[in-house]
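See structure below.
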Amino acid sequence: MPRGTVLAGVFAAAILSASADAETQRYVVMANGEKVGHLIADVQPRLVKVDYAVSNNGRGPTSKEEIALNAAGIPVKWTINATSLFGSPVQEQYVWNAGKAEWTSQADKGEIAAPAPLLYVGNDASPWITNVYIKALLKAPKNTLPVAPAGSMRLTEVRKITVGKGNAATALTVYELAGIDLSPSYVLVDRKGDYFGSLGGGLIREGSEALISELEPIAQDIAMQRAREAQAKLAHRFQGPVRIRNVRIFDPRTMALGALSQVGVYGARISFVVPEDGGPAPDDETVIDGEGGTLLPGLHDMHSHTLLSSNLFNLAVGVTA
């Protein structure tokens, strides 16, 4: 057989093999029962191109991404050309090369030593990268990996569910993905280990929009379970009076801080304010050392879009209403 014929056959086989590994992944973005965006990923074995756009009430990000992957599926080069939620231009890039990870985003610019490629937490990345996170974390010890710029990411199985009826029934696993934001997100993964969508609305695989109504109560149940667990761990209940000592009181009439004081609270009422040297507390009181801080009766947020998780953060910084 002529040499050229052999080379042509090998080349054709390579093309067919690459084509067999390529796929187009399509997702839709839903809000209040309406489609408000799309995500289309052209997935090659070592290169992914993402087209992402959302327009919800006149707002939403858009993004064109190219993600180069190594043999293990970890990004080694990632370019994001986008507009942010409110339309600001975005040019973000991450590169790993020769033991160093470098990035530039709207939030910061930096580099760290990295003997091997790290998962990068993109500042203005589309949701498709969740697919990369899931696959890498499922293979990792204790489903945890270090990430750039800093910290770690963890995947924890929450529960297995089946949505849809009959031949359309779909088996999914709900995972908690932690380490990206202050609160974890909950993602849906199919039997093949591929990203199916986000729990509680937002992004879902194209053609599965009708399942959102079944997923919403599951999302609410998981959120309430997490809130109850947080309450059991974090809440403090005192049976008797509480004395908060070594604090300064802000006086809104004079706009000034007073001298160090002790403040007594019983039930839902402030029962006394006395100087810090006002004497020892009775045995039936719980004493909290304010460490010289400022004590306020409670802060009020005049406009807020709240979630269970954000309410915990509000309480942590003193917002009570």
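For residues that are in contact (Cβ under 8 Å) with a residue 12 or more places away in the chain and more than 23 Å from ARG46 (Cβ to Cβ), scanning just the range 92-118, find the one that is surrounded by the most Cβ atoms within 10 Å (Cβ to Cβ).
Result: SER105.
Could you grab me the full set of residues in the range 148-160 that are touching a Phe, Trp or Tyr at 6+ places or on another chain (Cβ under 7 Å) and in a strand (DSSP E or B)?
Result: ALA148, MET153, LEU155, THR156, GLU157, VAL158.
Residues that are among the acidic types (Asp, Glu) and more than 16 Å from ALA150 (Cβ to Cβ): does the range 57-74 have at least one?
Within the range 57-74, one or more residues are among the acidic types (Asp, Glu) and more than 16 Å from ALA150 (Cβ to Cβ).
Output the number of residues of the range 267-295 satisfying the condition of being in contact (Cβ under 8 Å) with a residue 40 or more places away in the chain and aliphatic (A, V, I, L, M).
The total comes to 3.
Look at the range 187-211 and say how many of its residues are under 20 Å from the mean Cα position of the chain (by Cα) and either within 19 Å of ASP124 (Cα to Cα) or in contact (Cβ under 8 Å) with a residue 60 or more places away in the chain (or both).
10
Looking at SER88 and the list (1) over 19 Å from GLN44 (Cβ atoms); (2) surrounded by 20 or more Cβ atoms within 10 Å (Cβ to Cβ), which single condition is not satisfied?
(2)
When the range 180-213 is examined, which residues are found to be over 23 Å from ALA136 (Cα atoms), open to solvent by 30 Å² or more (accessible area, probe 1.4 Å) and hydroxyl-bearing (Ser, Thr, Tyr)?
Once the filter is applied, which keeps residues that are over 23 Å from ALA136 (Cα atoms), open to solvent by 30 Å² or more (accessible area, probe 1.4 Å) and hydroxyl-bearing (Ser, Thr, Tyr), the range 180-213 yields only SER213.
Looking at the range 225-258, which of the residues that are touching a residue at least 12 places away in the same chain (Cβ under 8 Å), open to solvent by 40 Å² or more (accessible area, probe 1.4 Å) and not in a strand (DSSP E or B) is nearest to GLU176 (Cα to Cα)?
ARG226
Would you confirm whether or not the range 267-278 contains a residue that is under 30 Å from THR156 (Cβ atoms) and either in contact with a helix residue (DSSP H, G or I) (Cβ under 7 Å, 6 or more places away or on another chain) or basic (Lys, Arg) (or both)?
no
Name the residue that is surrounded by the most Cβ atoms within 10 Å (Cβ to Cβ), counting only residues in the range 120-138 that are free of Cβ contacts under 8 Å to residues at least 60 places away in the same chain and not small (Gly, Ala, Ser).
The qualifying residue surrounded by the most Cβ atoms within 10 Å (Cβ to Cβ) is TYR120.
Any chance the range 68-82 includes a residue that's among the charged types (D, E, K, R) and either crowded, with 18+ Cβ neighbours inside 10 Å or modelled with pLDDT under 95 (or both)?
no
Just a yes or no: is a residue in the range 145-154 under 26 Å from PRO61 (Cβ atoms), among the charged types (D, E, K, R), touching a strand residue (DSSP E or B) at 6+ places or on another chain (Cβ under 8 Å) and in contact (Cβ under 8 Å) with a residue 24 or more places away in the chain?
There is at least one residue in the range 145-154 that is under 26 Å from PRO61 (Cβ atoms), among the charged types (D, E, K, R), touching a strand residue (DSSP E or B) at 6+ places or on another chain (Cβ under 8 Å) and in contact (Cβ under 8 Å) with a residue 24 or more places away in the chain.
Consider the range 139-170. How many of its residues are open to solvent by less than 70 Å² (accessible area, probe 1.4 Å), closer than 30 Å to SER213 by Cα and not β-branched (Val, Ile, Thr)?
Adding up the residues that qualify gives 8.
Could you please find all residues in the range 264-296 being surrounded by 13 or more Cβ atoms within 10 Å (Cβ to Cβ) and part of a loop (DSSP other than H, G, I, E, B)?
Those that are surrounded by 13 or more Cβ atoms within 10 Å (Cβ to Cβ) and part of a loop (DSSP other than H, G, I, E, B): GLU276, GLY278, ALA281, GLU285, GLY290.
The values are calculated or read from the model by the stated rules, or taken from the named source; none is laboratory data. Computed from a prediction, not measured in an experiment: that's the story for all the values here. Here Cβ is always computed from backbone atoms with ideal geometry, including for glycine, and neighbour counts include all displayed protein chains. Quick note on the areas: whole protein, heavy atoms, side chains included, nothing else; ligands and nucleic acids left out. Shrake-Rupley method; radii C 1.70, N 1.55, O 1.52, S 1.80 Å.
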